[in-house]
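The structure appears right after this line, and notes come after that.
The values are calculated or read from the model by the stated rules, or taken from the named source; none is laboratory data. All values derive from a computational prediction rather than experimental measurement. So basically every Cβ, Gly included, is an ideal-geometry build from the backbone, and we count neighbours across all protein chains shown. For accessibility, only protein heavy atoms count, side chains too; no ligands or nucleic acids. Shrake-Rupley method; radii C 1.70, N 1.55, O 1.52, S 1.80 Å.
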Amino acid sequence: MTTTAAAGNAVSLVQSVDWVAIAPPLIAALVGLVVLVTDLFVRNKNLLAWISVAGIVAAAVPLVPLALGGDRTTFCLRPRADVCSYQFDQFTLVIQGLVLGGALLTALLSVNPLKNKELPAGEYWFLLLSSAAGAALLPASRDLATLVVALEVASLPAFALVGLRRGDKRSSEAALKFFLSSVTATAVTLLGVSFVYAATGTLHLTEIAERLGEVDPQLQTLAQTGVVLTLVGFAFKTAVVPFHFWVPETYVGAPLPVAAYLSVVGKAVGFSGLILVTIVAFPSYADVWGPAIAVLAALTMTAGNVAALRQSATRAHSAVRLLAWSSVGQAGYLLVPIAATGYPTAYEESPNPVGATLTYALMYAVVNLGAFAVAALVARTHPGNRISDYRGLYKQQPLAALALAFFLLCLAGLPPGIIGLFAKVAVFQSAVGAGLGWLAVVMAVNVVIALYYYLRWTALLFRAPEGEPARGESVRDASAHGLRAVPFPLTAAIAVTAAGALILSGAPQMILRFSAAHLF
């Protein structure tokens, strides 16, 4: 047995690993290695796709017994069993489910482009699984070292995924912008983490929370600087204004399935890390980061929605760029409950507002992935994917048009997209409960702004198409032919997201219960 002494107490370094608890990220990583090796020996690259899909499903299977078994921890300091590097709880369950579900739908969207050899299959699947493994590890991380490692394991493969379309100048530029912004964020985060460690002498989040309030006065400035730099680094990762400049170009330049992945899984990674460092590690500085995040939330939702409004003003703009700016606006809504936790009333007079962020994130993940799935369908016949390409989609692909209309109504928070409405109400209540009335007003104004471009796009789906079907072919025949031509994985992605959005709208309590739960 190997031991070390600290302040006269023997702390064992021997660990008893809970393999079930770490199974989701571990399985995803192992399947990624299997795919990488298999790529060397098989000619049928379609096999890699189905191995990857099966691997993501296998990574999600352990979530079922874990959900039924309660909280679990591993890699803990001995004899202090309450200080651990990995913790599986309700927060981890929700985010890991979101990450693996998003990765699975991304995999379905990717099957056909890879089958057509638009992207190198072996590299693509390895990078996707590696990124998913890091993203699944992050919400369970309970020390800053593991948190940063998980963040980079999730981010580094994403750079390569964005630029994987060889010979495409736009893809290369998008990857470069994404890389430079993320590297900057990583450098700032590491500097902040090092300052926090120097001031507190620990990397574990719960111990940091205990020691920050008792820092030596000579190290107070160092600790404050470390907290600020760490939060700035995560602000880059979450695309918060003014660190959002990379989002539209990255989404437009990336392969469409990768853009869908970044919009949901990438966002989940950034916000999970931000929640952990603010609420778990830095609660003693809530009087500083609470108001700061509230201001950033207002700026982010306003900048995203105003930019998206400009995109919808002309139908020549890219639909993916519109979704990119929409995702920036949605990030602002996700920040509101996090800001609310920085105010005492958020804890004393209402449930933990973090649940509202999880509720909104789950709704957003389902409907946004669905919107990207329909965009992938339209891109099969209109590679430019302009907003004008969606005109008359109902007559060409009625089911896809109805699905997209429903997704957009959910994002707008309008019936019959009930889940979108309820998720926005949960976020709104968190702001009001924390006494942030001004932020609630800003959010209400932004919701009205967003209504315009979501409804404008929805109306376009049902307008008469600009062209006519081929001679001798009725509109109904053309529609049926188009539906038969849709690959099964893409059809499955649209169907699964549409069914998920319908179920959540019919039974919103399935995820609204998180908004009334104390998660930390």
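Would it be correct to say that L460 is at pLDDT 95 or above and in a helix (DSSP H, G or I)? Here the answer is no, as L460 does not meet what is asked. When residues in the range 142-154 are screened for being in contact with a Ser or Thr (Cβ under 6 Å, 6 or more places away or on another chain), within 21 Å of Y124 (Cβ to Cβ) and surrounded by fewer than 23 Cβ atoms within 10 Å (Cβ to Cβ), 0 of them pass.
Quick check: is even one residue across the range 145-168 at pLDDT 90 or above and farther than 30 Å from A49 by Cα? Yes, the conditions are met somewhere in the range 145-168.
Among the residues in the range 375-386, are any polar (S, T, N, Q) and either in contact with a strand residue (DSSP E or B) (Cβ under 8 Å, 6 or more places away or on another chain) or not in a loop (DSSP other than H, G, I, E, B) (or both)? Scanning the range 375-386 turns up at least one residue that is polar (S, T, N, Q) and either in contact with a strand residue (DSSP E or B) (Cβ under 8 Å, 6 or more places away or on another chain) or not in a loop (DSSP other than H, G, I, E, B) (or both).
With respect to (1) under 27 Å from A339 (Cα atoms); (2) out of contact with any Phe, Trp or Tyr (no Cβ under 8 Å at 6 or more places or on another chain), the lone exception for A235 is condition (2).
Of everything in the range 34-80 that is open to solvent by 80 Å² or more (accessible area, probe 1.4 Å) and within 24 Å of the chain's Cα centre (by Cα), the residue that is nearest to N112 (Cα to Cα) is W50. Only one entry in V241, V265, V252 is touching a helix residue (DSSP H, G or I) at 6+ places or on another chain (Cβ under 8 Å) and not in a helix (DSSP H, G or I), namely V241.
Within the range 86-129, the set of residues being among the small types (G, A, S), surrounded by fewer than 24 Cβ atoms within 10 Å (Cβ to Cβ) and under 19 Å from V264 (Cα atoms) comprises G97, G101. If we scan the range 192-199, do we find a residue that is assigned to a helix (DSSP H, G or I) and either at pLDDT below 90 or within 30 Å of P248 (Cα to Cα) (or both)? Yes, the range 192-199 contains at least one residue that is assigned to a helix (DSSP H, G or I) and either at pLDDT below 90 or within 30 Å of P248 (Cα to Cα) (or both). Kindly list the number of the only condition in (1) surrounded by fewer than 20 Cβ atoms within 10 Å (Cβ to Cβ); (2) over 24 Å from the mean Cα position of the chain (by Cα); (3) in a helix (DSSP H, G or I) that fails for V215. In the conditions (1) surrounded by fewer than 20 Cβ atoms within 10 Å (Cβ to Cβ); (2) over 24 Å from the mean Cα position of the chain (by Cα); (3) in a helix (DSSP H, G or I), V215 misses (3) alone. Taking the range 302-351 as the range and being open to solvent by 40 Å² or more (accessible area, probe 1.4 Å), closer than 17 Å to G413 by Cα and either among the aliphatic types (A, V, I, L, M) or at pLDDT below 70 (or both) as the test, only L309 passes.
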